[in-house]
Amino acid sequence: MVDNRHATALVLAGVLSVLASVYLSVSLGSPHWYQYTSPPVRAEHNASELRALQDEFLDGEFDEKSASDAMFRMNGTLGLWWRCVLTPTNAHWYREPDPKMVMECVSFTLSQQFMPKYKEPGNHNSGEDLIRTCVCSLATVCCFLAGTDLLHRVSVLPDRVDGSLGWSLYLALVASPLHMMAAALLMWAARSHSQSYDRMTVYRVA
């Protein structure tokens, strides 16, 4: 017979485990781990530069510097497997006070995850940065934060560009303690039930 405390612990552990798994699944599949806020564009020549960055970002071969520049200047977001930018739907969007923007994303392939990172992004002659190559290739929360911080240290962010943690990263951070709480409850229930069973066995033998 299962003690009510053990049953309650098992139910709570199950609920916490399901919640943590859902949070983590949503977090891993979304591109909002880190987001950039870029200043508005009001000049045509700046709009032309952004259009070139957009084309390179969406259709060109992957390059860390071009991808980073596009995200810095186009309100980009970054995830473990996705990178996205906000693109205009109108050719003369820079003349509008509140242009309509849509999010366009490109996924990281497995080979791109393990591509070498350089001490100066985009400059292959600067030598490989082994720390960034190893850290950005590991799909974990702590390594993601470390990799983003190292990228900012070797990159030049445009003026008035701010970066902040996205909601996907917070979901991943919440999922971790939920898993730990569920594991602790399961361990407590298992140990308590085992001790109760041993005491009952000893009583019956005696």
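Brief remarks follow.
- Segments classed as helices (runs of 4 or more DSSP H), wholly inside the stretch 1-75, with at least 1 members that are touching a residue at least 12 places away in the same chain (Cβ under 8 Å), within 25 Å of G163 (Cβ to Cβ) and in contact with a Leu (Cβ under 9 Å, 6 or more places away or on another chain): 4-28, 64-73
- Checked against (1) under 29 Å from L130 (Cβ atoms); (2) within 22 Å of the chain's Cα centre (by Cα); (3) buried (at least 17 other Cβ atoms within 10 Å of the Cβ); (4) not β-branched (V, I, T), Q113 passes all but a single condition, namely (3).
- Filter result for V41 (open to solvent by less than 40 Å² (accessible area, probe 1.4 Å), closer than 30 Å to K100 by Cβ and among the β-branched types (V, I, T)): yes
- Filter result for G122 (open to solvent by less than 60 Å² (accessible area, probe 1.4 Å), at positive phi and not in a helix (DSSP H, G or I)): yes
- For the stretch 17-62, a residue qualifies if it is β-branched (V, I, T) and closer than 15 Å to W93 by Cα, and exactly one does: V41.
- Total residues in the stretch 182-198, condition at pLDDT 80 or above and surrounded by 16 or more Cβ atoms within 10 Å (Cβ to Cβ): 3
- Looking across the stretch 82-94, the residues that are farther than 13 Å from Y34 by Cβ and open to solvent by 10 Å² or more (accessible area, probe 1.4 Å) come down to L86, P88, T89, N90, A91, H92, W93, Y94.
- Scanning the stretch 55-113 for residues that are within 13 Å of P31 (Cβ to Cβ) and of a type in the set (A, V, I, L, M) turns up A67, M71, L78, L80, V85, L86, M103, V106.
- Scanning the stretch 87-119 for residues that are modelled with pLDDT of 75 or more, small (G, A, S) and either over 19 Å from G147 (Cβ atoms) or not in a helix (DSSP H, G or I) (or both) gives a single hit, S107.
- Of residues in the stretch 151-173 being among the aliphatic types (A, V, I, L, M) and more than 13 Å from the chain's Cα centre (by Cα), the one farthest from K65 (Cα to Cα): V161
- The single condition from (1) open to solvent by less than 50 Å² (accessible area, probe 1.4 Å); (2) touching a residue at least 60 places away in the same chain (Cβ under 8 Å) that C105 fails is (1).
- Residue match in the stretch 54-77 (condition: within 25 Å of C136 (Cβ to Cβ), in contact with a His (Cβ under 7 Å, 6 or more places away or on another chain) and of a type in the set (V, I, T)): yes
The values are calculated or read from the model by the stated rules, or taken from the named source; none is laboratory data. These numbers come from a predicted model, not from an experiment. Positions of Cβ are backbone-derived with ideal geometry, glycine not excepted, and every protein chain shown enters the neighbour counts. Side chains are part of the model used for accessible areas, which takes the heavy atoms of the whole protein and leaves out ligands, DNA and RNA. Shrake-Rupley method; radii C 1.70, N 1.55, O 1.52, S 1.80 Å.
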